[in-house]
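Report on the structure given below.
The values are calculated or read from the model by the stated rules, or taken from the named source; none is laboratory data. Being a predicted model, the structure only gives us computed values, none of them experimental. A quick note on method: Cβ atoms are made from the backbone with ideal geometry, for glycine too, and the neighbour counts reach across all protein chains shown. Note: areas computed on protein heavy atoms with side chains; ligands, DNA, RNA excluded. Shrake-Rupley method; radii C 1.70, N 1.55, O 1.52, S 1.80 Å.
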Amino acid sequence: MLHDFRGGSDGCYPPGGLVEVNGLLYGTTSGRSYWSCGNGTIFSITPDGSFKTLYTFGGGLKGDRPAGGLTSIARKLFGLAQDGAHLSGIVYSINP
């Protein structure tokens, strides 16, 4: 085991796979705010288990509960999340 999600700042319930960029693995947690898991996160983890939360979703315009995994294109990570300005979901990107 490399990392045990416990809720709080590291999130919980990772919904998709991991994507590798330059030797680091990236993923998301879907979160469930009513279970102290927050709104979801984007994280990185090294192959030896060093874990870092890169982004915490804030709900509303900042998105909520990432769905699925990440895709790497042109040195950026892209994904989907629920909620957003019209409460119907968002497409987001982040620099790894």
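Data overview
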item: Accessible carbon and sulfur surface of the chain relative to its total accessible area, %, 1.4 Å; result: 53 percent
item: log10 of Debye I(q)/I(0), alpha-carbon scatterers only, for the stretch 1-54 at 0.13, 0.16 Å⁻¹; result: -0.28, -0.41
item: Dipole of the chain, positive direction: furthest Cα of LEU25, PHE51, HIS86, with charges on the beta-carbon; result: HIS86
item: Net length gained if the chain between LYS76 and GLU20 were fully extended (0.36 nm per residue, minus Cα distance); result: 19.0 nm
item: Taking all pairs of distinct alpha-carbon atoms in the chain, Kirkwood radius in angstrom; result: 13.1 Å
item: Those trypsin sites (Lys or Arg not before Pro) in the chain that DSSP places in a loop and that have at most 16 other beta carbons within 10 Å; result: ARG6, ARG32, ARG75
item: Per residue solvent-accessible surface (Å²) - the chain, probe of 1.4 Å; result: 59 Å²
item: Dipole in debye (nearest 20) - the chain, about Cα centre, beta carbon charges: Lys, Arg +1; Asp, Glu -1; result: 180 debye
